[in-house]
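As structure tokens, the structure follows; a few thoughts come after it.
Throughout, read-outs are computed from the coordinates displayed, never taken from laboratory work. Predicted, not measured: the structure shown is a model, and the values here were computed from it. For neighbour counting, all protein chains shown are included, and Cβ atoms are generated from backbone atoms with ideal geometry for every residue, glycine included.
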Amino acid sequence: MNCDVVRDLSGAYALGSVTPEEKRQIEEHLAGCDLHDEIVGLRATGFGLADAAPEMVPSSGLGDRISAAVRAESAAVAPSGKSRFGVFKLRRAASWPIAAVLVLAVGALVAWNLVLQLDDPAENLVNFVKEPGGEWVRVEATLGEPGTTFSLGGLDPLPSGRDYQLWAVRDEEAHSLGVFDTDDDGKWSGDMDFPLRRGDQIAITEETEGGASAPTTEPLISTRL
């Protein structure tokens, strides 16, 4: 394999998209030739962009499509003449379109990984807040799914006829999550099925026994997720 062929395959080689036989021939050529600095740059660019994306499994055939695009770009910019200076200048110029294709291709992988993450609404969240008076609440949830665990403390047990009520406030509408009372140490914990979202406000108020349809007192504890 000569220098011209190695340069034509440099983009695909940097992406790891050449065949095993092409890879073997390219690396045999590189071992005895020091005229391919552009390949080092291309591989560094590819690895750097790839490391910026979380590891995910690409869709079937994506690697083949990227490789085909790189090969097509290489063929489009290959020089037709071989004058003494023309080959050098044209080949150096050709490395820029190939590098651009590589950057766009790996960038597409990064974007694709991010889209996959955004398509999955599940997000584990742990939120803790402590009020100046010592009241505190801890919220542990998988956003968008039921089964939120609440733990709280610093609230005195209530007299008969009164309950603490837990709320999730979303778009200025308060949703009751249930009522409870604390133990002798002022603590309580429990699970609620209301699926929480990012931006919900969690609030605890004191209400009449059995709870109210909407908060009637100022929150004793409040935190926004």
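Below, the figures for the structure above:
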read-out	value
The range 123-224, relative contact order [Cα under 8 Å, separation at least 6], %	28 percent
Taking 171, 193, 8 and counting other C-beta atoms within 10 Å, the order from fewest to most	171, 193, 8
Ranking of 142, 19 by count of other Cβ atoms within 10 Å, fewest first	19, 142
Phi-based couplings in Hz for the range 8-22 (Karplus 6.51, -1.76, 1.60; Gly and Pro marked x)	5, 9, 4, x, 5, 5, 5, 7, x, 10, 7, 6, x, 5, 4
Karplus 3J(HN,Hα) series, Hz, for the range 123-135 with 6.51 cos²θ - 1.76 cosθ + 1.60 (x for Gly, Pro)	9, 6, 9, 10, 10, 10, 9, 10, 7, x, x, x, 5
Net charge of Cβ neighbours under 11 Å - reference residue 1; Lys, Arg +1; Asp, Glu -1	-3
Using alpha carbons only: equivalent-ellipsoid semi-axes of the range 123-224, gyration tensor based, whole Å	20, 15, 12
Label-point separation, residue 170 to residue 130 (7 Å along Cα→Cβ), nm	3.0 nm
Projected label distance in nm at residue 123 and residue 184, using a 7 Å step from Cα toward the beta-carbon	4.2 nm
Rounded Å value of the spacing that divides the Cα centres of the range 177-198 and the range 126-144	11 Å
